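Quick notes on the structure that follows.
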Amino acid sequence: MEQRVLLSPQQKRLVQLTLAKVLLRSGTFSDVLFGQLFRADPSLMAVFKTSKAELGRRLLHLLEIAVSLVDAPDELAQAMHNLGQHHAEYRAIQEHYPLFGRVFAATLERVLGRAYNPEIAAAWTELFDLLAALATEELYDRV
């Protein structure tokens, strides 16, 4: 991966601050996110087979790792590649990522409430799009 700044310092700060708030409400976050995700696409229950609480714990841990690696593009790329391979083994397909992104954004908005604003939305969208691209690039971009 080419060396570049993955998020601006302001975006990184906003993601870190809001992730801390989400971690304080992790149970609600997990219930809302995976409840909405499974309603939007019930077939995903076969991909994500553990409880919503465990899925939420894993997701939030992944986000903590990703945010900590934002300034280390090669390490972040490797971590996300490994995640993408793991998801592919469980029959996740590339089309699941945009759906997850939309549900993730809606869940952030709900959990953060009035603290959620366009600047925070843009920072998280930038991070999510980057993570999804890194997770899927070597799996689905083959010609």
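The values are calculated or read from the model by the stated rules, or taken from the named source; none is laboratory data. This is a predicted model, so every value here is computed, not measured. Note: ideal-geometry Cβ built from the backbone for every residue, glycine included; neighbour counts use all protein chains shown.
Data for the structure
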{"read-out": "Qualifying residue in region 77-99 (condition: of a type in the set (Gly, Ala, Ser), over 15 Å from the mean Cα position of the chain (by Cα) and modelled with pLDDT under 90)", "value": "yes"}
{"read-out": "Among residues of region 24-83, those that are small (Gly, Ala, Ser), under 27 Å from residue 6 (Cα atoms) and assigned to a loop (DSSP other than H, G, I, E, B), counted", "value": "1"}
{"read-out": "Search result, residues across region 17-50 that are at pLDDT 90 or above, exposed (fewer than 15 other Cβ atoms within 10 Å of the Cβ) and polar (S, T, N, Q)", "value": "28"}
{"read-out": "Residue 126 vs. criteria more than 20 Å from residue 35 (Cβ to Cβ), modelled with pLDDT under 85 and part of a helix (DSSP H, G or I)", "value": "no"}
{"read-out": "Hits in region 101-131 (condition: within 12 Å of the chain's Cα centre (by Cα) and surrounded by fewer than 19 Cβ atoms within 10 Å (Cβ to Cβ))", "value": "101, 102, 105, 125, 126, 129, 130"}
{"read-out": "Hits in region 1-35 (condition: over 28 Å from residue 73 (Cβ atoms), within 15 Å of the chain's Cα centre (by Cα) and touching a residue at least 60 places away in the same chain (Cβ under 8 Å))", "value": "32"}
